[in-house]
1. Count, please, the residues in the range 208-234 that happen to be in contact with a strand residue (DSSP E or B) (Cβ under 6 Å, 6 or more places away or on another chain), more than 17 Å from residue 274 (Cβ to Cβ) and part of a loop (DSSP other than H, G, I, E, B).
2. Quick one: residue 116 ticks every box in (1) over 21 Å from residue 191 (Cα atoms); (2) surrounded by fewer than 22 Cβ atoms within 10 Å (Cβ to Cβ) except a single one, so which number is it?
3. Could you tell me which residue of the range 74-95 is nearest to residue 320 (Cα to Cα), considering only residues that are out of contact with any strand residue (DSSP E or B) (no Cβ under 9 Å at 6 or more places or on another chain) and assigned to a helix (DSSP H, G or I)?
4. Quick one: in the range 178-206, of everything that is buried (at least 21 other Cβ atoms within 10 Å of the Cβ) and not in a helix (DSSP H, G or I), which residue is nearest to the chain's Cα centre (by Cα)?
5. Considering only the range 160-184, state which residues are out of contact with any helix residue (DSSP H, G or I) (no Cβ under 7 Å at 6 or more places or on another chain) and farther than 29 Å from residue 72 by Cβ.
6. With respect to residue 174, determine if the residue is touching a strand residue (DSSP E or B) at 6+ places or on another chain (Cβ under 9 Å), assigned to a loop (DSSP other than H, G, I, E, B), at pLDDT 95 or above and crowded, with 19+ Cβ neighbours inside 10 Å.
7. Cβ-Cβ distance below 7 Å, separation of 6 or more or different chains: which pairs start in the range 71-91 with a residue that is on the phi > 0 side of the Ramachandran plot and end on one that is modelled with pLDDT of 95 or more?
8. Counting only residues that are surrounded by fewer than 19 Cβ atoms within 10 Å (Cβ to Cβ) and within 17 Å of residue 317 (Cβ to Cβ), how many does the range 84-93 have?
């Protein structure tokens, strides 16, 4: 779900343009041009009870049946759209997967709160997940981002941090977690990774990291070296405005190719090509006109050709025809 206000990952227009141009210059001229035609087209757990459960490395029941996101994931800042009915939105748009933000730290530093205010089981948007799941959909819970302090930076013991993550996930029976891990602080990165590893030893958990397009490699390497598994890397990719120099989508393609190679190295993948399947791309718009229908077709074609995990949108809301093209992505 896109928003009219600037969302996390949205950079000022001047910074977006400079970042994209700098990355393109660093990686050389694009070796592949994007084509211009489209490819064929649990119930919530009581939070008080969950809070008393210790974190252990023994098996526990899976919170919800594992289904991993595909095609298009709609971003929702639940603090700004508390009235959103996920099942109704899914019926209207055809979207089946959502990324719900943002879970951050309460004043004590180790208690998870939606936007720093609501308990894990007290979010009216997330509490509609049961019906969404019954209709074939699901959601990722986003940790970090706007609205407060990152739990990984304030909860200083990995065991307590893992418990905080678990309480939030159990509050809505979630099996998918997204971490906006863009601060780059080594201590925070290591603490987060150790907490994730504890949870993954305990039960199945699909982990996504949402990172700026040009800052993913270092965080991913440190997380991998700490023993945590990152299943999907969601790259926050600013889209240059239509007034930018010619070749804006080609520069994006080159930046994504560079990121793919970096992900393969940082994750130590034996088959570098498999990094494509671990990549998702969130197009970040400053203005509604930053993405045209042609741009959307180029991006969906790129996603289908390389087998990207999924696409998403943040920031300004483009024309409905543009959003419709992205939602029909087939990876």
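The values are calculated or read from the model by the stated rules, or taken from the named source; none is laboratory data. Because the structure is a prediction, the values reported are computed rather than measured. We place every Cβ from the backbone using ideal geometry, glycine too, and count neighbours over all the protein chains shown.
1. 1
2. (1)
3. 92
4. 178
5. Answer for the range 160-184, where residues must be out of contact with any helix residue (DSSP H, G or I) (no Cβ under 7 Å at 6 or more places or on another chain) and farther than 29 Å from residue 72 by Cβ: 160, 163.
6. Numbers: touching a strand residue (DSSP E or B) at 6+ places or on another chain (Cβ under 9 Å): yes; assigned to a loop (DSSP other than H, G, I, E, B): yes; at pLDDT 95 or above: yes; crowded, with 19+ Cβ neighbours inside 10 Å: yes.
Yes.
7. Listed pairs, sorted by first residue: 71/310.
8. Going residue by residue through the range 84-93, those that are surrounded by fewer than 19 Cβ atoms within 10 Å (Cβ to Cβ) are 84-85, 87-88, 91-93.
Retained after the next criterion (residues that are within 17 Å of residue 317 (Cβ to Cβ)): 84, 92-93.
Count: 3.
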